[in-house]
Amino acid sequence: MSDWKTFALPAALVLSTSAPCFANVYLTADQAQKLIFPGASGTPWAGKLTEAQKKAIEKASDLRIRKDPQIWQVSGGGWFIVDEVLGKHEYITFAVGLTAGGAVKQIEIMEYRESYGSEVRGDKWRAQFVGKTAKDPLRLDQDVKNISGATLSSRHVTEGVRRACALYDIALK
Amino acid sequence: MISRSSEVRRARPLLGTFVEIAVEGWCADSAHCAIDAAFAAVEEVQRRMSFHDPASTLSRLNREAAHRAVPVDTWTFAVLRAAARVHRVSRGIFDVTVAPHLQRLGFLPGEQAAAGRETSAASFADVDLLPERRVRFRRPDVCIDLGGIAKGFAVDRAVATLRAAGVRHGLVNAGGDLRVFGDEQAVAVRHPENAGATLHRLRLANAALATSAHYFAGRWQPEQALAAIVDPRTGQQCTQVRSATVRASSTMLADALSKVVMLQAEAALPVLNHFRADAIFVSAGGEQKSSPHWRAAF
């Protein structure tokens, strides 16, 4: 038992910034669409969600609409929707492909951003990410993309996908 | 997407967390193709071993195995056999029949929680793994949750799929249970007291790493951060270790052994040694400990 050693990292590495962040940009909307609907093309949806529709979607999915999702109709049938969800510490942009009948075909995470130190939800919290790209040093550990830690729940994305399905039922069907 | 990239990295919400797959040194189209196949393998693991999906192999087992020997697929059987091995070597500390405890504590859905039932006396010793991949429970109150091992297995399946497709360098990370193959990659282990900070940094090549810790998991609350890890002997949540990270030959093993370190701290050493695994952990008091060969292992 006494063979265990006590270790410590240099203090600078342990707590390097006041608002530690971790972010990865995985796919652009164009890349995600081509992956979910290979060989198809997308046309931006000509419609616009009315306030009544938004209320109905929020009610059906039990999730607020903070920002209108981007919607494309896909050649050969189906819908491609880009939306975002906001958790306590994470801000995630995701793409979901729906079949012509409204079934979930595929989900891809486009951008994933985590932040600690500031727990303000909403615009102020999000402002720190605006304009950041994959190349920006917005990482937990400058050059480290791979994190081993306790499981982060994907619940918010699941809720976001449910909202996309409600959107289909109410506005696209 | 004809562009060539040194790394293609994607993520999907799977297994209740985010599964990230990265392929290096391939043209983008081939990399995406291989990644699609690897995600499909993870989805297949989810389909078979999800506690939440009533149609999964595991749910069928939990419903029927107390009444008759139930045949299961090769993957589910492989995970159960590994669970049996770790259960035996850890003298019962790792036990996938803790589902009733997790239900009682509200980490898993189910009637046992609603009934407010007391701790279950069943253990993995009441599970028989029979020839021809059949499984039988010796007691009606046995209920299995593979949440402490299947995620690691899913990572191993995804890596096997990538390698079968010819990928030589890559990484699969399922919410912190990760495996690197080919070239070395830098990995940061989260600090349990500050999820945005680094506890430890290491470079991994052809190795698996899994972390269990008291944050994010389950019903996270600032004052009372308790992970969905219970001592099968008492039904109590573990409190002496805040974060445990294990390096092992497979992600499945690393995943399972991280639970043993969470529950046993220093006393997990013989189990780690048996599986030629290493670990670091942070105690409830904030002490950071590494097993004897940790540094040499990297």
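The modelled label-to-label distance for the pair B:A267/A:T28, using points 7 Å beyond Cα in the direction of Cβ, is 5.7 nm.
Using the Cβ-Cβ distance between B:R134 and B:S6 with R0 set to 51 Å, the FRET efficiency works out to roughly 0.60. Sorted fewest first by neighbouring Cβ atoms within 10 angstrom, A:H89, B:H67 come out as B:H67, A:H89.
For segment B:29-168, the average shadow cast by the Cα convex hull is 9.5 nm², which is a quarter of the hull's surface.
Do any of A:K88/B:K289; A:K59/A:K105; A:K5/B:K151 go past 25 Å between their Cα atoms, and which? Walk me through the numbers on the way to the answer.
On the way: A:K88/B:K289 30 Å; A:K59/A:K105 23 Å; A:K5/B:K151 29 Å.
Violating the 25 Å limit, Cα to Cα: A:K88/B:K289; A:K5/B:K151.
Spin-label model, A:K59/B:R163: points 7 Å from Cα along the beta carbon direction are separated by 5.5 nm. For chain B, the ratio of Cα radius of gyration to the globular rule of thumb 2.2 N^0.38 Å stands at 0.99.
Under a Cβ-Cβ cut-off of 9 Å, what is the net charge of the residues other than A:E90 that fall near it, where Lys and Arg count +1 and Asp and Glu count -1? Neighbour charge sum, excluding A:E90 itself: +1. Sorting B:R276, B:R60 from the fewest to the most surrounding beta carbons within 10 angstrom yields B:R276, B:R60.
Please rank A:T6, A:T93, fewest neighbouring Cβ atoms within 10 Å first, as an exposure proxy.
Sorted ascending by nearby Cβ count, the order is A:T6, A:T93.
Over all distinct Cα-Cα pairs of segment B:57-137, the Kirkwood formula returns a hydrodynamic radius of 13.4 Å.
One quarter of the surface of the convex hull around the alpha-carbon atoms of segment B:234-298 equals 4.4 nm², the direction-averaged projected area.
Residue by residue along B:13-22, Cβ atoms of other protein chains within 10 Å of the local Cβ number 5 on average.
Using a cut-off of 14 Å between beta-carbons, work out the net charge of the residues near B:I35 (Lys and Arg +1, Asp and Glu -1, B:I35 not included).
Net local charge, B:I35 excluded: -1.
Computed from the coordinates by the stated procedures, all read-outs in this text should not be read as laboratory data. It should be emphasised that the depicted structure is a prediction, and the values quoted were computed from it without experimental measurement. Cβ: placed from backbone, ideal geometry, glycine included. Neighbour counts: every protein chain shown.
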